[in-house]
Amino acid sequence: MATAVVALPGIPALASDSAERVRPLDARTLGWYEPADAQGQRIELILQNSSRYLIGPWYAQTYRRYAPDGYLDLGGTDERAVRLPAMTALATATALKFGVYDPKNLSAANATIRLTNLVRTLAARHEANNPNPATAWGSNWQSALWAYYDGVAAWLMWDKLAAADRAKVTAMLLAEANRLTTGNDVYLVGTSGDQLYQTKRDGTVITPGDTKAEENSWSAALLGLVSAMMPANPNAGAWQRRNAELLVASAPRPADLGNPAVINGIRLSSWLQGTNIDDDGILRNHNRVHPLYMVSYDQNLYQGAISALGRTCAPAAALHNMPLVYRALVDRPFDGRTIYTRGSAEIHYPEGNDWGAEFPGYFGNFDLLADLYGQDSASSVKASEWERLHNEKQLSMQARFADGRTYGAQGENTYYGREQRIGVMAGQAYLSLWMARNSQGSRVCWAS
């Protein structure tokens, strides 16, 4: 079970300019949460198992040497080399920060050393801090997500980082955020022409079977994080505006193109230039109706907890069309079957799943968030019931292994970061629970 949160000391400015100052996380922000209910205990145990595996056996097998400059040898600059340790860092930081970490095989002190090695190395290797193109990462289609993961981990463990490492984390986050603040219409200017939409306003399909929902969502996540961490920065207003825009662009449907509603200052009918989901909430990716990418809207809903860490409200744009997407999982029929199977953890993939066979934790995570924020209001079966079914199955998969991992056979999940994906979802799910249910701290709220 969780142990007491230790209030952090005030965080000094990273530079003489107050714009670089990171908002501290202290007892006034964090409050206290004890997962006494079955739902909270499930999420806690999933995170405890996963973080124990990731910072224990996986770290030991993966990082066996340091580079000459004293940082870990990441083994490259691609997704495998950067995203996986960043996801590990967020999962482990959450477990350590909130007393979930299990020290049975590796002490919390040693886990913290490993964690800080990951955080500082990832920041140091970002192009904002690293002039060597052979070892630098950043400014690519997914790098905002990687920086987000490392940034959340760093913020949670800020008091464990040296001043120089804090400065590098800040430089990484500023570089990724500031490149995302321009662009409108169909394309996001400044990121090699990355698109905002799958289908243009006039009905032209730009990328058949390839939604842009996920990319918009993770870029927004980075902007939400820096807005919460560094509210005094001169660019904070631009970050907040662009965050809301990308959230709106993550789940627009054809009906929104004529919808005069205004969300966070954005009029849907005039600002949107395309769509990423169908009117019934179905999303298509990898040339199929893809339930796994429907639940990738978890990234929108994590903004509630991240904003609460910054003692502010998340943009209501994060919730736009989420009840519709959730209802499609529960109630939309495909040849007589729905994606969710009543009374069972089984998932029906109407057009197949190209990632493998077993993903209960992905769905249980989204169920938790839908329940926590009332996004199941249009569904015939409440999210709390689906969360129980899916996360009980997730825990049964972890129970097969003594080290806390989830997966065995390759066909269960073919993604090379499958264990890290479980960990990073569990970390953000637990953080969401904590910030929504804590006593005497900052609470999740949504601002329109």
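The values are calculated or read from the model by the stated rules, or taken from the named source; none is laboratory data. Please read all numbers here as calculations on a predicted model, not as lab measurements. Don't worry about glycine lacking a Cβ; one is built from the backbone with ideal geometry, like all the others, and counts go over all protein chains shown. Each accessible area value is taken on the protein alone, full model and side chains, heavy atoms only, with ligands, DNA and RNA left out. Shrake-Rupley method; radii C 1.70, N 1.55, O 1.52, S 1.80 Å.
Couple of notes before you dig in:
- Residue ID - farthest from Ala314 (Cα to Cα), chosen from residues in the stretch 258-270 that are in contact (Cβ under 8 Å) with a residue 40 or more places away in the chain and open to solvent by 20 Å² or more (accessible area, probe 1.4 Å): Ile263
- The stretch 231-266 - residue that is among the aliphatic types (A, V, I, L, M) and touching an Asp or Glu at 6+ places or on another chain (Cβ under 7 Å) and, of those, nearest to Gly310 (Cα to Cα): Ile266
- Residue in the stretch 399-422 that is under 16 Å from Leu84 (Cβ atoms), hydrophobic (A, V, I, L, M, F, W, C) and in contact (Cβ under 8 Å) with a residue 24 or more places away in the chain present: yes
- Checking every residue in the stretch 31-38 against the condition of being farther than 25 Å from His126 by Cα and outside any loop (DSSP other than H, G, I, E, B) gives at least one match.
- Candidates in the stretch 61-74 are the residues that are open to solvent by 50 Å² or more (accessible area, probe 1.4 Å) and more than 28 Å from Ala221 (Cα to Cα); of these, the one that is modelled with the highest pLDDT is Gln61.
- Ala38 falls short of the stated requirement of being of a type in the set (A, V, I, L, M, F, W, C), open to solvent by 20 Å² or more (accessible area, probe 1.4 Å) and without any contact (Cβ under 8 Å) to a residue 40 or more places away in the chain.
- Every pair of residues 6+ apart whose Cβ atoms lie under 8 Å, when the first sits in the stretch 136-160 and is under 10 Å from Met87 (Cα atoms) while the second is among the aromatic types (Phe, Trp, Tyr) and at pLDDT 95 or above: Leu145/Trp218; Trp146/Trp137; Tyr148/Trp218
- Matching residues, the stretch 304-343, being without any contact (Cβ under 8 Å) to a residue 12 or more places away in the chain, surrounded by fewer than 16 Cβ atoms within 10 Å (Cβ to Cβ) and farther than 16 Å from Glu387 by Cα: Pro333, Gly336
- Criterion applied to Gly356, Gly411, Gly441 was being of a type outside the set (Asp, Glu) and touching a Leu at 6+ places or on another chain (Cβ under 7 Å), and the one residue passing it is Gly441.
- Residues in the stretch 406-444 that are open to solvent by 10 Å² or more (accessible area, probe 1.4 Å), part of a loop (DSSP other than H, G, I, E, B) and over 28 Å from Leu225 (Cβ atoms): Gly408, Ala409, Thr414.
- The residues listed here are Thr29, Thr77; of these, the one that is open to solvent by less than 10 Å² (accessible area, probe 1.4 Å) and modelled with pLDDT of 95 or more is Thr29.
- Residue in the stretch 247-257 that is open to solvent by 10 Å² or more (accessible area, probe 1.4 Å) and either β-branched (Val, Ile, Thr) or under 21 Å from Trp146 (Cβ atoms) (or both) present: no
- Filter result for Ala249 (farther than 21 Å from Ala429 by Cβ, in contact with a Phe, Trp or Tyr (Cβ under 8 Å, 6 or more places away or on another chain), of a type in the set (Gly, Ala, Ser) and without any contact (Cβ under 8 Å) to a residue 60 or more places away in the chain): yes
- Identification of helices (runs of 4 or more DSSP H) wholly contained in the stretch 192-271 with 1 or more residues that are at pLDDT 95 or above and under 30 Å from Arg21 (Cβ atoms) yields 213-229, 236-250.
- Some residue of the stretch 360-370 being modelled with pLDDT of 95 or more, out of contact with any Cys (no Cβ under 8 Å at 6 or more places or on another chain), open to solvent by 30 Å² or more (accessible area, probe 1.4 Å) and not β-branched (Val, Ile, Thr): no
- Condition met for Gly224 (under 21 Å from Ala177 (Cα atoms), free of Cβ contacts under 8 Å to residues at least 12 places away in the same chain and open to solvent by less than 50 Å² (accessible area, probe 1.4 Å)): no
- Residue, farthest from Leu225 (Cα to Cα), within the stretch 87-101, restricted to residues that are open to solvent by 10 Å² or more (accessible area, probe 1.4 Å) and part of a helix (DSSP H, G or I): Leu96
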